[in-house]
1. What are the pairs with Cβ atoms under 7 angstrom where one residue, in the stretch 15-29, is farther than 17 Å from Pro141 by Cβ and the other, located anywhere, is in a helix (DSSP H, G or I) and of a type in the set (A, V, I, L, M, F, W, C)? Sequence gap at least six, or different chains.
2. Across the stretch 90-109, what is the number of residues that are under 27 Å from Leu8 (Cβ atoms) and either small (Gly, Ala, Ser) or in contact with a helix residue (DSSP H, G or I) (Cβ under 8 Å, 6 or more places away or on another chain) (or both)?
3. For Ala159, which of the numbered conditions (1) free of Cβ contacts under 8 Å to residues at least 12 places away in the same chain; (2) small (Gly, Ala, Ser); (3) touching a strand residue (DSSP E or B) at 6+ places or on another chain (Cβ under 8 Å) fails to hold?
4. How many residues does the stretch 155-171 hold that are farther than 16 Å from Ser199 by Cα and buried (at least 19 other Cβ atoms within 10 Å of the Cβ)?
5. Select from the stretch 97-120 the residues that are buried (at least 22 other Cβ atoms within 10 Å of the Cβ) and in contact with a Leu (Cβ under 7 Å, 6 or more places away or on another chain) and list them in ascending order.
6. Taking the conditions exactly as written (of a type outside the set (Asp, Glu), open to solvent by 30 Å² or more (accessible area, probe 1.4 Å) and within 26 Å of Asn75 (Cα to Cα)), does Lys184 satisfy them or not?
Amino acid sequence: MNEKGFALMPGFLDDDTCRHLLHDYDNAPLYRKKIVMERYRFGLGEYKYFKYPLPYLLQTIREEVYTRVCPIANNWMDMLGIEKKFPVSYSEMQDNCFSNGQTEPAVLILKYGKGGHNTLHQDLYGEVYFPLQLVIFLNEPSIDYTGGEFVLLQQMPRAQSRAIVLQPRKGDMLLFTTRFRPVKGSKGYYRVQMKHGVSELHRGERHTLGIIFHDAQS
């Protein structure tokens with residue numbers, strides 16, 4: 001995370017769990033909102049936000065991963081000289097969101113078909129945000145779809161932007177930067193802005209599970 005702004009954990013979910021999540025895509029009572037991306041010029045595809053209470057698996061991943069990556073987030077704040085500390089307890093993080101009117105879960109499942117893509121963006125849903133988030137890949141590239149690479153854009157100050165293109169496999173989890181990360185320069189650490197998106201699918205269908213640790217405004 002410190003070196004590149006992302007970390008890949010292969011085989012985080014097994015095939016049966018991925019299949020179960022895909023099966024529940026059409027289970028309407030699980031979701032609070034559906035977004036058709038082209039209506040908002042976000043890209044081409046759709047995604048659905050889960051509602052509270054989250055399914056047990058998703059709630060567990062959100063809480064357990066948060067407690068493990070919180071030290072990284074706090075270390076980043078120290079590196080950048082930002083006087084901010086994220087609570088070690090996820091329930092405290094959630095209380096901070098609720099106190100700022102962010103009461104809806106930013107946990108979603110995304111679906112892309114042929115031609116589908118996601119424009120470069122940052123997932124910020126209010127004043128309170130956590131600097132890391134994760135995505136879990138639910139289909140196998142080259143078999144279920146082609147194209148659809150995960151793209152990270154690193155925007156260096158006073159320099160050209162750098163693209164990082166990844167193609168994780170089914171069940172892999174990718175942890176990455178939500179907004180900015182520290183990079184060491186000749187005079188210490190400085191902020192580098194990061195955005196993410198998805199390149200165009202050539203064929204097939206691609207689904208991912210996105211888990212953002214801060215909540216969204218209603």
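The values are calculated or read from the model by the stated rules, or taken from the named source; none is laboratory data. Bear in mind the structure is a predicted one, so any value in this text is a computation, not a measurement. Glycine also receives a Cβ, built like all others from the backbone with ideal geometry; neighbour counts cover every protein chain displayed. Keep in mind that these areas ignore ligands, DNA and RNA; they rest on the heavy atoms of the full protein, side chains included. Shrake-Rupley method; radii C 1.70, N 1.55, O 1.52, S 1.80 Å.
1. Going by the 7 Å Cβ cut-off, the qualifying pairs are Asp24/Leu30.
2. Looking only at that region, the number is 5.
3. Going through the list (1) free of Cβ contacts under 8 Å to residues at least 12 places away in the same chain; (2) small (Gly, Ala, Ser); (3) touching a strand residue (DSSP E or B) at 6+ places or on another chain (Cβ under 8 Å), Ala159 breaks only (3).
4. The qualifying residues number 2.
5. Once the filter is applied, which keeps residues that are buried (at least 22 other Cβ atoms within 10 Å of the Cβ) and in contact with a Leu (Cβ under 7 Å, 6 or more places away or on another chain), the stretch 97-120 yields Pro105, Val107, Ile109, Tyr112, Gly116.
6. Working: of a type outside the set (Asp, Glu): yes; open to solvent by 30 Å² or more (accessible area, probe 1.4 Å): yes; within 26 Å of Asn75 (Cα to Cα): yes.
For Lys184, the condition - of a type outside the set (Asp, Glu), open to solvent by 30 Å² or more (accessible area, probe 1.4 Å) and within 26 Å of Asn75 (Cα to Cα) - is met.
Okay, residues lined up against (1) buried (at least 16 other Cβ atoms within 10 Å of the Cβ); (2) outside any loop (DSSP other than H, G, I, E, B):
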{"position": "His20", "(1), (2)": "no, yes"}
{"position": "Ile35", "(1), (2)": "no, yes"}
{"position": "Leu58", "(1), (2)": "yes, yes"}
{"position": "Arg62", "(1), (2)": "yes, yes"}
{"position": "Lys85", "(1), (2)": "no, no"}
